[in-house]
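These notes are about the structure you will find just below.
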């Protein structure tokens, strides 16, 4: 907002204060805003240059604030004019892109992105451009981008973009993953789980798909394929939908992790049925591995079964999960 009116926080604070006064000098304002008088004098000079303040003719040491509607209207009108020009240019460029897309040959529907840094940059750009939904496959063997560093995802969720994320079971063992998934769920991100996935994948607004490529010998991401609207993009979208339908929702187990003791067994069963190890389940639930093993043995005894596989079936049949 401050960028739109071309003011920093201190300048806006001084202008707000000046609006409450009939007139004031630098010394009075400095005392009111608790800033050094030298700094206030520089701010007043800046406000005067922008037409936000004016000096009294009879008392040039005193300044009065210009009315906000008078001061900001020309600035905002200029910004709106530039924004309208930008939208017009965007429409023109989009038309050119569609015309070019219609002429694409099969090899042209795919752009090659080289290098891990370039892939991360492109993922950020795609998320920044998203308006409706981002679909993601996450593999367990390497994290392309740490969730804490993915600020574009936070911004996208904040503006209402929906996220659907399918992760491999081993991803659940990353420290704090379930807590992060539970928090993200409240902002519009749903996480589901499958034992394994065929590839990493990002699909944005069902328009563009990004396939990061991975070198198992080098152990890192080496690049990506950016897939434009085409039959290949449609195939990737259909693949995601298929895996999404057969995946298991994570949020129920995640939201129960911190419930009272009677809910721990339900959460434990769900985590084990998702394929987590005793150690990983214990870490996520905040209990010991010995407690996990004891509770599993007690549940098996209560259900009258002798194996964990039978326990999973009994848990579903008895309505425990």
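The values are calculated or read from the model by the stated rules, or taken from the named source; none is laboratory data. Model, not experiment: these values are computed from the prediction. All Cβ positions, glycine included, derive from the backbone under ideal geometry; neighbour counts span all protein chains shown.
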**OP:** Pick out, from segment 1-107, the helices (runs of 4 or more DSSP H) lying fully within it that include 1 or more residues that are modelled with pLDDT of 70 or more.
**Re:** 9-19, 26-33, 37-49, 68-102
Subject >> The lone exception for residue 268 - which of (1) part of a helix (DSSP H, G or I); (2) surrounded by fewer than 19 Cβ atoms within 10 Å (Cβ to Cβ); (3) more than 23 Å from the chain's Cα centre (by Cα); (4) at pLDDT 85 or above it fails >> reply: (2)
**OP:** Count, please, the residues in segment 206-246 that happen to be under 23 Å from the mean Cα position of the chain (by Cα), outside any helix (DSSP H, G or I) and farther than 21 Å from residue 118 by Cα.
**Re:** 1
**OP:** Give segment 124-140 a look and list any residue that's in contact (Cβ under 8 Å) with a residue 40 or more places away in the chain and more than 21 Å from residue 170 (Cβ to Cβ), or say none.
**Re:** 126, 127, 129, 130, 131, 132, 133, 134
